[in-house]
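The block underneath contains the structure these notes are about, expressed in structure tokens.
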């Protein structure tokens, strides 16, 4: 991942490409739930996941962030 810009305060900002973010999501979802992103999304849509589980909520939030500019949803 390359730095995209530096703030006036000197903080280097990194913005992942869509491919980098997709790879990150794959790793995070697999590590947390032992599922692929597609399987996680399907289980969520089917109501199979406990929405009171903070890990599920955190993953859904990450998946929604990853969908910005995309027509699909988490």
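Where a number appears in this text, it was derived from the coordinates with a stated rule and is not lab data. Keep in mind that what you see is a predicted model, and the values were worked out from it rather than measured. All Cβ positions, even for glycine, are placed from backbone atoms using ideal geometry, and neighbour counts span all protein chains on display.
Put in order of Cβ neighbour count within 10 Å, fewest first, the listed residues 46, 58 become 46, 58.
Any idea what the relative contact order of region 16-66 is, in percent, if you count C-alpha pairs under 8 Å spaced at least 6 apart? The normalised contact order for region 16-66 reaches 35 percent.
Largest first, the extents of the alpha carbon coordinates of region 16-66 on the three principal axes equal 30, 18, 16 Å.
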